[in-house]
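What follows is a set of notes on a single structure, which appears directly below.
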Amino acid sequence: MTDHKTLLWIFLIAAVLIAVIFIAVYRSSLQAAEDSPGLENPKRKRFFFFALLFALLVILLAVTLPKSPYYMHADETPAEVVYVRAEQYSFNLSRTEELSYDDMELPAGKVIEFRVRSKDVNHGFGVYNDKYELVTQTQAMPGYVNRLRWVFDEPGTYHILCLEYCGMSHHIMSSSFTVN
Amino acid sequence: MENRSLKKVTSVWIITILVLFLASITLGIIMRFNQGTQLHLKPNTFYATLTTHGVTMIGIWAAAGLVAINYLLSRYVKTSAGLSIFALVFTVIGVVMLWMSTFAGNFHAAWTFLYPLPLAPYAAWKAWATNLFLWSLVVFGVGWLVWSVGMMAQILRNYSITEIFAWQHLTGKEPEKKTPPFILISSVSLIGIILCLLAAVVLLVFFFMEMYTTGVKNDALLMKNLTYFFGHTLANEALYLGLAAVYELMPEVGGRKKFGTTWYVALGWNCTMVFVLTAFFHHMYMDFVQPGGFQIVGQLASYFASLPAAAVTAFSVATLVYRNRIKWSFTNLLFFIGIIGWLIGGVGAVIDSTISNNIILHNTLWVPAHFHTYNAMGNVLLCLGFFWWAAHDFSGTRDTFRSHWPTLTLLLIGGFGFVLMFYLGGASSVPRRYAVYPEGIANGAPLATAAAWFAVVYLVGMLMVFLTIIRRCTKAFSPAS
């Protein structure tokens, strides 16, 4: 998966490129003579621009779609199943469908399946590493169970933050678990 | 006389929208200062502010696009000042109800009001506030739906179904009756707006059924799909209305030949209409119970919606300007910069609409980053271009940009600086819609403070625009004129 910093750089480079091109276009207008013919062969250039963009998008689709989280570890048997129940304003993590108040410890390098549900309103199950970088997530929706499969390569403490606005204490709704 | 009435109501709309915009920017600044720990609002006050800011902003900029096309349509078909007044009255009443529900009733379920949050039994707001909030949306919806259907009906009096979609241009041969790009884009956008407002009607009916009858429970997944079909589509169609104004006015103001409809312009906008109606699925990527086909459609539609946008509209604007002598005015600069902001926001949106990226970006600050870019630096500037042009046209004042460079500089520094802080926040995994950041989210508070100051700069620029526009509008309708 592409990390946050790479995505930021891709964005910044594209944004600067767009700005530079349009500034150049603007400057060309200031320097243009009264009878300047403008862009030569615009139809042909538009076609090439379209084809280039189309090819780029198709390549991006082909590369990124198979990496969608729905297909990750889909054919594997999870080593652990964790039942997550979200409610205003707490998460409960358990190895059974019953509530548990024990600390959750999970193995590194193995497939974990989180079965995430909500008792009341929509919540977000956002998993952050110990540097508070968002690693993965799914939503908790009343009446449904979202199954998120993930392999934690790095041991350490993982923090759970609510990533769907759920009311006045949304920002303090959190929990954690340990990966050994 | 009708034309003067239309100009008058357009001016009142412009002033109303700008006043609400300045107020809503101020709410945004308060929120960012609170997140930066410079202010200390109660959480429920913060979230009530967030709700007010979100609904007001989406509403006024959708209305701004409708105002622009309602006025410009009068060049092609008969438009009604009465319908515009009707929508204005409903909008003002809706705003009063909305602000009462949030600030007096403390309703704070955000603009998304995701079911079943507004009906949560332990909600920290008054029960009447939920009713008032939802009924304020009914009032907005009735005003805009009647207005949009009215405009569509007027277009259909002069253009057939085939002509509003410009299908006669798809053969590549010169058609007997040409469809102006403005009619094509307005029609495509109005159809989208009517459809998403109808989705809002269904959504609200489901809410009311549960509220006013017993034993009815709605399906959270269906309600979420309806919410985003309505909200996402409205925000996007609003932007296209701004683009319709660009197609109509930019060549004219620049002293160039008008844009014509060609087969690729027709095809591009027809594709846009289809793609934009299904792109909302990208809001649901993290709901793994959503049918997988919808998720794939979400990414395909989000990607391919950008193709006609870039290859048709942006390319056409670049071609209009490149090595061509343009009469640059403040109007055209706003249009031109608005296109840049729209494209840059589009890049941020495409990155976020990639499912494998969304898992680490969804509901972080990356989301407000991209939509604030194509709103605050895109659609707002496109509509502002129309406002500026209208104010000068109505008052017979010359539109130049020489004395307005400081205003533009403030808007550019403030606007792009403000959204950059959101992107940096998104790349640092900072969650969105947090009144206060947890200790571990170290970058949240300093980025919020910096963003608030950039927003202050943007606000000053916007205030200068407002003062000029209000002077021109007052001059246009003073007794001496």
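Structural remarks
- In order through the range B:408-414: 3J(HN,Hα) via Karplus (6.51 cos²θ - 1.76 cosθ + 1.60), integer Hz, x for Gly, Pro: 5, 4, 4, 5, 5, 5, x
- DSSP-assigned coil residues among trypsin sites (Lys or Arg not before Pro) in the range A:71-133, each with at most 15 further Cβ atoms within 10 Å: A:R95, A:K110, A:K119, A:K131
- Buried surface for the B/A pair, taken as the accessible area of each chain alone minus that of the pair with a 1.4 Å probe, is close to 7300 Å² in total.
- Carbon-plus-sulfur accessible fraction, the range A:4-70 (probe radius 1.4 Å, protein heavy atoms only): 75%.
- Chain A: angle of helix A:42-64 to the longest principal axis, Cα-based, in degrees nearest 10: 20 degrees
- Over the range B:237-387, equivalent-ellipsoid semi-axes from the Cα gyration tensor in Å: 31, 17, 11
- Per-residue Karplus couplings for the range B:380-397, computed as 6.51 cos²θ - 1.76 cosθ + 1.60 with θ equal to phi - 60°, are listed in order as 4, 5, 5, 5, 4, x, 5, 4, 4, 4, 4, 4, 6, 5, 4, 8, x, 9 Hz, Gly and Pro entered as x.
- Prolate/oblate/rounded call for the range B:1-110, Cα gyration tensor, a/c under 1.5 rounded: prolate
- Whole-number percent relative contact order across chain B, with pairs defined as alpha carbons under 8 Å at least 6 apart: 18 percent
- Averaged over the residues of A:44-56, the number of partner chain Cβ atoms lying within 10 Å of the residue Cβ comes to 3.
- Nearby lysines by direct alpha-carbon distance to B:K42 (threshold 19 angstrom, same-chain neighbours under 8 apart not counted): B:K126
- Set of lysines near A:K45 by C-alpha distance (under 23 Å), chain-local residues within fewer than 8 positions excluded: B:K173, B:K257, B:K258
- For the range A:161-172, 3J(HN,Hα) computed residue by residue from phi via the Karplus equation (6.51, -1.76, 1.60; θ = phi - 60°) reads 10, 6, 10, 9, 4, 9, x, 5, 10, 3, 6, 10 Hz, glycine and proline entered as x.
- Degrees separating the helix B:2-35 axis from the principal Cα axis of chain B, which is the longest one: 30 degrees
- Counted charge near B:L18, where neighbours are those whose Cβ lies closer than 13 Å (Asp, Glu -1; Lys, Arg +1): +2
- Taking the C-alpha atoms only, the angle from helix A:4-31 to the longest principal axis of chain A is near 20 degrees.
- For the range A:4-70: rounded, prolate or oblate by the Cα gyration tensor [a/c cutoff 1.5]: oblate
- Inter-chain neighbour count for B:304-311: the average number of beta-carbon atoms from partner chains within 10 Å of each residue's beta-carbon is 3.
- Per DSSP, loop GluC sites (Glu not before Pro) in the range A:1-94 with at most 16 further Cβ within 10 Å: A:E34, A:E40, A:E76
- Placing +1 on each Lys and Arg Cβ and -1 on each Asp and Glu Cβ, with no other charges, gives the range A:4-70 a dipole about its Cα centre of roughly 320 debye.
- Near A:A140, the amide H atoms lying under 5 Å from its own belong to A:H123, A:G124, A:F125; only residues 5 or more places off or on other chains count, and H is placed 1.01 Å from N.
- Inter-chain shielding of B:437-443 (mean C-beta neighbours from other protein chains, 10 Å cut-off): 4
- Based on protein heavy atoms only, chain B ends up with 33 Å² per residue of surface accessible to a 1.4 Å probe.
- Along each principal axis, Cα extent of the protein assembly as shown, largest first, Å: 76, 53, 47
- Dimensions (Å) - chain B, Cα atoms, principal axes, largest first: 61, 46, 45
- Sum of side-chain charges, B:R325 neighbourhood, beta-carbon under 14 Å (Lys, Arg +1; Asp, Glu -1): +3
- Dipole moment magnitude, nearest 20 debye, chain B about Cα centre, only Lys, Arg, Asp, Glu C-beta charged: 1260 debye
The values are calculated or read from the model by the stated rules, or taken from the named source; none is laboratory data. The structure displayed is predicted, hence computed values, not measured ones. FYI the Cβ positions are ideal-geometry reconstructions off the backbone, even for glycines, and counts take in every protein chain you see. Accessible surface is based on the protein model in full, side chains and every heavy atom, while ligands, DNA and RNA are left aside. Shrake-Rupley method; radii C 1.70, N 1.55, O 1.52, S 1.80 Å.
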